[in-house]
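**Student:** Let me begin by handing over the structure; questions about it come next.
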Amino acid sequence: MKAFITAIVALVVLAAGMNFALDNAGFSAAEQTSSDRNVRLGD
Amino acid sequence: MTLLRVLLPLIFLVSFAGLSAAQDTSGDASVLTPGQQSLEDIMARQRGEDVPFGAELPLPLEGDAPPAESHLGPLGASSDADLWREIRADALPDARASNRGPAAKVLMQDGGMWWLNFRHGPLLTYGSLLLGVTVVLMAIFYLIRGRIRIEHGRAGITIERFKFIERFGHWLIASSFILLAITGLVSLAGRKLLIPLFGHEAFSTFAIAGKWVHNNVSWAFMLGLVMVFVMWIVHNLPDRTDINWILKGGGIFGKGHPPAKKFNAGQKLIFWAVIILGTSISVSGISLLFPFELTMFEPTLALLNDMGVPQLLGLGTIDATLTPQEEMQYAQLWHAVISFVLMAVIIAHIYIGTLGMEGAFEAMGSGDVDLEWAREHHSIWADEVVAKQGKPASGTQPAE
Ligand code: HEM
């Protein structure tokens, strides 16, 4: 039971942590195809 | 909006190229350019015959097009059909896009429709069928065989089977896999199954949360996979006891159990299925999570061509040039198909670990199993543990 609870805690921490890290690294899968940062406006 | 912002400049640029190309054409008006549809083609397709579309045919050479005056299209006397055929075949050498995304220059993509139909159709149908059949098989097995009991009753003495860290690794991969399976199925089948039940609003909230979970819980699965691999590979290398175990059908029916070490041949199969399929799901998942970063299918198809595999199967040389979108589509299909297979394997695993066998769950629950259970299912391992420990851990009477 303790191993199971610890695993759930690790799962939550890892999920939140990786999401935070990827967000901070500026990574977004959605922006690969639809970001206006990728478009040159004006010249 | 964003799509329009991308498309409009591109179409604008490209139509200039098309205009100038169409102006200096000459030749016999009665001859169709390669790739151009004839009335015959259209009629045949309506009869259900398999007539290739323009993009699958060779492209017209420059100057091969019929004279401009034979067409009266939207551009007046010149038609842009050739141009659109080129766009469709992704064969515009001069295309430029202001969007810098990896797939920005592919305007039309024939493979997209096939993929979408396959994803909504056969993938969902056969995938759910596989899971359904597995559940039914487990139920039938339960009805025929019943629960596999500890034949000679509990010894009342336990020995340690899995350490804390092993159980932690197991529950990490198990809880993440179950979350991933549920949220993955929601994103595959939700549109068809859940929207009619809950409506668009509620499903949207649920699907967005599910996507967050699916994307971020994947890391726990990968960590669990690595842990399980490192901790248990030594116990899962095939050896001679496996042959005997398989020949005796694991002793599933009838009396008596073939001897086994820590893991029997059936468990080894589960282990390798988890490792191989789990790795494949992880890699294709990473390529979906970081779109257009990993190119896996084009080199694989090219390698298969070089090795002569499709030729051997009578498929000829397969087309190994994929658009970036096609790469992603194949990654999605692969990810889903392999996941369905692993889900089926895991359904069987969960059955045997809980309902199917008395005394099994404790191995992953407390970590300690009854000595008699161990002797029946893992005799060689049980003897080793007893020999090493001198005597079993708990509940034992002093020897003297
Ligand atoms: C609620 C879900 C699950 C339960 C109740 C469960 C239960 C168990 C139990 C009791 C064992 C120990 C068997 C023994 O003592 O010999 C075990 C082993 C194992 N589990 Fe699970 N498990 C679950 C989910 C999973 C999942 C999702 C995976 C992988 C994706 C997984 C992978 C493994 C592997 C590789 C082993 C070692 C080989 C084997 O015993 O077959 N388990 N599990």
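**Student:** Amide H neighbours of B:ARG161 under 5 Å, counting only residues 5+ apart in sequence or on other chains, H built in-plane at 1.01 Å?
**Tutor:** Amide H neighbours of B:ARG161, under 5 Å, 5+ apart: B:ASP368, B:VAL369.
**Student:** From the cross-link list B:LYS163/B:LYS388; B:LYS261/B:LYS388; B:LYS255/B:LYS388; B:LYS248/B:LYS268; B:LYS105/B:LYS211, which pairs have alpha carbons spaced over 19 Å apart?
**Tutor:** Long pairs (Cα-Cα over 19 Å): B:LYS255/B:LYS388; B:LYS105/B:LYS211.
**Student:** Let me ask something else about it. Just by accessible area at a 1.4 angstrom probe, what is the order of B:ASP50, B:ASP242, B:ASP319, B:ASP110 from largest to smallest? The partial results should precede the final answer.
**Tutor:** Details: B:ASP50 150, B:ASP242 15, B:ASP319 110, B:ASP110 60 Å².
Descending order: B:ASP50, B:ASP319, B:ASP110, B:ASP242.
**Student:** Just to make sure I understand: if all protein chains stay in place, what is the order of B:VAL106, B:VAL309 by accessible area at 1.4 Å, largest first? Intermediate values should be presented prior to the final figure.
**Tutor:** Numbers: B:VAL106 20, B:VAL309 55 Å².
I get B:VAL309, B:VAL106, largest accessible area first.
**Student:** Also, I was wondering about something else. Per residue in the stretch B:144-185, which ones lose no less than 30 Å² of accessible surface when going from chain alone to all protein chains (1.4 Å probe)?
**Tutor:** In the stretch B:144-185, residues shielded by partner chains: B:PHE164, B:PHE168, B:TRP171, B:LEU172, B:SER175.
**Student:** Follow-up. Using the Karplus curve 6.51 cos²θ - 1.76 cosθ + 1.60 with θ = phi - 60°, what ³J(HN,Hα) values do you get for each residue of the stretch B:327-343, in whole Hz, with x for Gly and Pro?
**Tutor:** With the stated coefficients, the stretch B:327-343 comes to 3, 5, 5, 5, 4, 4, 5, 4, 3, 6, 4, 5, 5, 4, 4, 5, 4 Hz.
**Student:** Let me ask another. Total accessible area buried between chains B and A, 1.4 Å probe, in Å² to the nearest 100? Numbers along the way, then the final one.
**Tutor:** Details: alone 23780 and 4120 Å², together 25640 Å².
The B and A chains share an interface burying roughly 2300 Å².
**Student:** Using a 1.4 Å probe, how large is the accessible area of B:THR295, given in Å² and rounded to the nearest 10?
**Tutor:** 80
**Student:** Something else about it: At 1.4 Å probe size, with no ligands or nucleic acids counted, give the accessible surface of B:HIS120 in Å², nearest ten.
**Tutor:** Estimated to the nearest 10 Å², B:HIS120 gives 80 Å².
**Student:** How well do other chains shield peptide B:358-368, expressed as the mean number of their Cβ atoms within 10 Å of each residue Cβ? Before the final figure, lay out each step's value.
**Tutor:** Working: counts 0, 0, 0, 0, 0, 0, 2, 3, 3, 2, 0.
Mean shielding count: 1.
**Student:** Looking only at other chains, what is the average number of their beta-carbon atoms within 10 angstrom of each beta-carbon in B:286-295? The partial results should precede the final answer.
**Tutor:** Values: counts 0, 0, 1, 3, 4, 5, 3, 2, 0, 0.
Across the residues of B:286-295, the mean count of other-chain Cβ atoms within 10 Å is 2.
**Student:** How much accessible surface area, in Å² rounded to 10, belongs to the heavy atoms of B:HIS349 with a 1.4 Å probe?
**Tutor:** Rounded to the nearest 10, that gives 60 Å².
**Student:** When only the heavy atoms of the protein chains count and the probe is 1.4 Å, how do B:LYS261, B:LYS105 rank by accessible area, highest first? Let's see the in-between values first.
**Tutor:** Details: B:LYS261 85, B:LYS105 115 Å².
Highest to lowest solvent-accessible surface, that is B:LYS105, B:LYS261.
**Student:** Go through the stretch B:168-183 residue by residue and turn each phi into a ³J(HN,Hα) via Karplus (6.51, -1.76, 1.60, θ = phi - 60°); whole Hz please, and just put x for glycine and proline.
**Tutor:** Values per residue, Gly and Pro as x: 4, x, 4, 6, 5, 5, 5, 5, 5, 4, 5, 4, 5, 5, 5, 5 Hz.
**Student:** I'd like the Karplus ³J(HN,Hα) series for the stretch B:374-382: coefficients 6.51, -1.76, 1.60, θ = phi - 60°, whole numbers in Hz, and an x wherever there's a Gly or Pro.
**Tutor:** Once rounded to whole Hz, the list reads 4, 5, 6, 9, 9, 4, 5, 5, 4.
**Student:** Assign one of three labels to the stretch B:281-356, namely rounded, prolate or oblate, based on the Cα gyration tensor with a ≥ b ≥ c the square roots of its eigenvalues; rounded applies when a/c is under 1.5, prolate when it is not and a/b is larger than b/c, and oblate otherwise. Write out the running numbers ahead of the final one.
**Tutor:** Numbers: a/c = 3.78, a/b = 1.69, b/c = 2.24.
Note, shape of the stretch B:281-356 comes out oblate.
**Student:** Which shape class, rounded, prolate or oblate, goes with the stretch B:240-399 when its Cα gyration tensor gives a ≥ b ≥ c as root eigenvalues, a/c under 1.5 marks rounded, and past that a/b bigger than b/c marks prolate?
**Tutor:** Here the stretch B:240-399 falls in the prolate category.
**Student:** Long-range amide H contacts for B:MET357: which residues qualify at under 5 Å (H placed 1.01 Å from N, peptide plane, sequence gap of 5 or more or a different chain)?
**Tutor:** Under 5 Å from the amide H of B:MET357 lie the amide H atoms of B:ILE148, each far enough along the sequence or on another chain.
The values are calculated or read from the model by the stated rules, or taken from the named source; none is laboratory data. Computed from a predicted model, the values in this text were never measured in an experiment. All Cβ positions, glycine included, derive from the backbone under ideal geometry; neighbour counts span all protein chains shown. We work out accessible area using only protein heavy atoms, side chains counted, and drop any ligands, DNA or RNA first. Shrake-Rupley method; radii C 1.70, N 1.55, O 1.52, S 1.80 Å.
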